[in-house]
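Take a look at the structure set out below.
The values are calculated or read from the model by the stated rules, or taken from the named source; none is laboratory data. Please read these numbers as outputs of a predicted model, since none were measured by experiment. Positions of Cβ are backbone-derived with ideal geometry, glycine not excepted, and every protein chain shown enters the neighbour counts.
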Amino acid sequence: MSRHRVLRTRQPMKSFITIVFCLSAAIFLLNSRLRNSDRLTTTNYPTSHSKTPRCDVDLDLFRSYGYNESIEYERWDITVRQSQNFNGYSDHLGVPVPTFETIHLDTEHENLLHGVPCPPPVTIDAPVPVPQVDASHLVFGVSTSLERLDDSLDAFAHWAGGTNARIIAMVEPASPEARAWITHRARDLRIRLTMIDTEEELLDRYFHLTRIIVQARDQTTQWGVIIDDDTFFPSMSNLVDRLATYDASKPQYIGALSENFDQMGIFYYIAYGGAGIFLSMPLLEELDAVYDECYEFKDNGDKRVAQCIYMHTTTKLTWDRGLFQLDLQNDVSGFYESGRPLPLSLHHWKSWADVDVLALGKVAPICGDDCQLRRWRISDRWFLVNGFSLVEYSSPMDDLVSMEQTWDPSEWARDRGYAWSLGPLRPKDEGKVSFRLRSAIPDGKTLKQIYIQEPDENRPPRVLEVVWSVG
């Protein structure tokens, strides 16, 4: 009897164990599927076994932008592995799609917010930094005011500082104190600057630069370059390499046309000054021989240079497609977000448009010159344009070749006005969300970039902090 009772009591226990095992397996499978679903919607998140890092948030930095209540915040950390065997940047960046967290700024006595969850760092490859390029064979000339020259020095330092390139600025007469201030600043920025006082009209002194450069040349000088005070060269190394592909021992007239076809009808086929006008020394010598006659041409400075070349020499314009006049007004984001090769020159960045080229360039020492404006895909709709913006398109972006036509939405502009120079073009995405670079803060081998989508009446500002470091 007792044996049968024992057998009968074990049977319910087996059933209970079986039920518990089945429930545990079902829960495990459900959690596994949920984790897989999360990974599908937020590509490149860490696995469920990864420990979430904790980051500190500088609240005072965001208060300095005028935000006093709250922000929606996300952070990415990118480690750069500098390699001698670097063979190009990847097209994708393995960071998660931003999921912003609300952070309150209206707290007293708090400068840092500690322990905010942030995704683990991702690693990208980049080239080993190269020695600073020698540009002593280049003499740049600019016609401007003393005030605008002072305002341009920081941008000049990005491409000319420490390269031995010379800059000659023709400016109006000024007090010794004002000149001394600019001379001191240029020296601190390692810019070889010479200022020449003149009471000439602005356009006359522009053409006068052709003679000034000839007079200032030395045995190493190969090129004279006439620029505007808002001409910017993202990479002096790239510029020097490109010029090396031209024969400077022959007359050379190199520049860029306007991107706007209507501008071509007004000023015709010339090198537009904002993109940079590159003149070899043999051509400058030819112009100097007819300087007095050409000086009497009363026209725009870059057009006067072209007229003198066309009327007195056999040299014709060579259009270098890396140079950009950027005759685009208002929203130029489509140009900068195009993902095309880094331009040799940019123009109108502080006049027709508002582009912080100084902040743009600060990432170059960490990930290389060509890392500037590099476009990385985050997901089918999200892209990071390094040093310019974080973009969320209104629909999946499959056309990665066409440039978004943000500056002029007309069909004329797309079909005729700009397609000949910037095409292919695609219509503006009216639902696109852009986080523009607000500041770039270097700290040794680390750089903090702040991208912001400004607030509206329905939501606070959204902020992406990208922290770059050399691994």
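Before moving on, here are some points about what is shown:
- Conditions (1) assigned to a loop (DSSP other than H, G, I, E, B); (2) without any contact (Cβ under 8 Å) to a residue 60 or more places away in the chain: number failed by LEU153: (1)
- Total residues in region 416-454, condition over 21 Å from PHE335 (Cα atoms), at pLDDT below 95 and in contact with an Asp or Glu (Cβ under 9 Å, 6 or more places away or on another chain): 0
- If you go through region 165-205 and pick out every residue that is touching a Gly at 6+ places or on another chain (Cβ under 8 Å), hydrophobic (A, V, I, L, M, F, W, C) and in a loop (DSSP other than H, G, I, E, B), you end up with 2.
- Residue match in region 175-192 (condition: of a type in the set (Val, Ile, Thr) and closer than 30 Å to PHE297 by Cβ): no
Here's the yes/no breakdown for (1) over 29 Å from SER395 (Cβ atoms); (2) polar (S, T, N, Q); (3) not assigned by TED's automatic domain parsing to the domain that holds TRP76:
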site	(1), (2), (3)
SER280	yes, yes, yes
VAL290	yes, no, yes
ASP299	yes, no, yes
ALA353	no, no, yes
ALA359	yes, no, yes
ASP369	yes, no, no
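- Filtered by the rule that a residue be among the small types (Gly, Ala, Ser) and in contact with a strand residue (DSSP E or B) (Cβ under 8 Å, 6 or more places away or on another chain), region 179-197 gives a lone residue, ALA186.
Yes/no matrix, rows are residues, columns are (1) part of a loop (DSSP other than H, G, I, E, B); (2) closer than 21 Å to ARG462 by Cβ; (3) out of contact with any helix residue (DSSP H, G or I) (no Cβ under 7 Å at 6 or more places or on another chain):
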| site | (1), (2), (3) |
| --- | --- |
| ASP354 | yes, yes, yes |
| LEU358 | no, no, no |
| LEU384 | no, yes, yes |
| VAL401 | yes, no, yes |
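- Residue check for ASP134: acidic (Asp, Glu) and over 19 Å from LEU373 (Cα atoms): yes
- Exclusive hit being of a type in the set (S, T, N, Q), under 30 Å from VAL128 (Cβ atoms), surrounded by fewer than 18 Cβ atoms within 10 Å (Cβ to Cβ) and assigned by TED's automatic domain parsing to the domain that holds PHE100, set ASN87, ASN68: ASN87
- Of the residues making up region 185-198, not a single one is surrounded by fewer than 20 Cβ atoms within 10 Å (Cβ to Cβ) and among the small types (Gly, Ala, Ser).
- Here VAL133 meets each of (1) out of contact with any Leu (no Cβ under 8 Å at 6 or more places or on another chain); (2) in the same structural domain as ALA275 (by TED's automatic domain parsing) with one exception, condition (2).
- Scoring GLY361 on the criteria (1) touching an Asp or Glu at 6+ places or on another chain (Cβ under 8 Å); (2) surrounded by 15 or more Cβ atoms within 10 Å (Cβ to Cβ); (3) of a type outside the set (A, V, I, L, M) leaves a single failure, condition (1).
- Residue ranges of strands (runs of 3 or more DSSP E) in region 413-453 with at least 3 members under 21 Å from VAL401 (Cβ atoms): 425-427
For (1) among the aliphatic types (A, V, I, L, M); (2) farther than 20 Å from TYR253 by Cβ, each residue gets a yes or a no:
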site: ALA157; (1), (2): yes, yes
site: GLY161; (1), (2): no, yes
site: ALA169; (1), (2): yes, yes
site: TRP181; (1), (2): no, yes
site: LEU193; (1), (2): yes, yes
site: THR198; (1), (2): no, yes
site: PHE207; (1), (2): no, no
site: ARG217; (1), (2): no, no
site: PHE232; (1), (2): no, yes
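- Flag for SER249 being surrounded by 17 or more Cβ atoms within 10 Å (Cβ to Cβ) and among the small types (Gly, Ala, Ser): no
- Just so you know, in region 252-266 the residues that are closer than 19 Å to ASP228 by Cβ and surrounded by fewer than 16 Cβ atoms within 10 Å (Cβ to Cβ) include one that is nearest to the chain's Cα centre (by Cα), and it is GLN263.
- PHE435, sole failed condition from (1) touching a Phe, Trp or Tyr at 6+ places or on another chain (Cβ under 8 Å); (2) farther than 30 Å from PRO129 by Cα: (2)
- Residue that is nearest to the chain's Cα centre (by Cα) [pool: residues in region 117-137 that are in a strand (DSSP E or B) and among the β-branched types (Val, Ile, Thr)]: ILE124
- Residue pairs meeting the criteria (Cβ under 6 Å; at least 6 apart or on separate chains; first of a type in the set (A, V, I, L, M, F, W, C), in region 104-128; second modelled with pLDDT under 80): CYS118/PRO53
- Yes/no for SER395 being in contact (Cβ under 8 Å) with a residue 40 or more places away in the chain and either more than 13 Å from the chain's Cα centre (by Cα) or farther than 30 Å from LEU189 by Cα (or both): no
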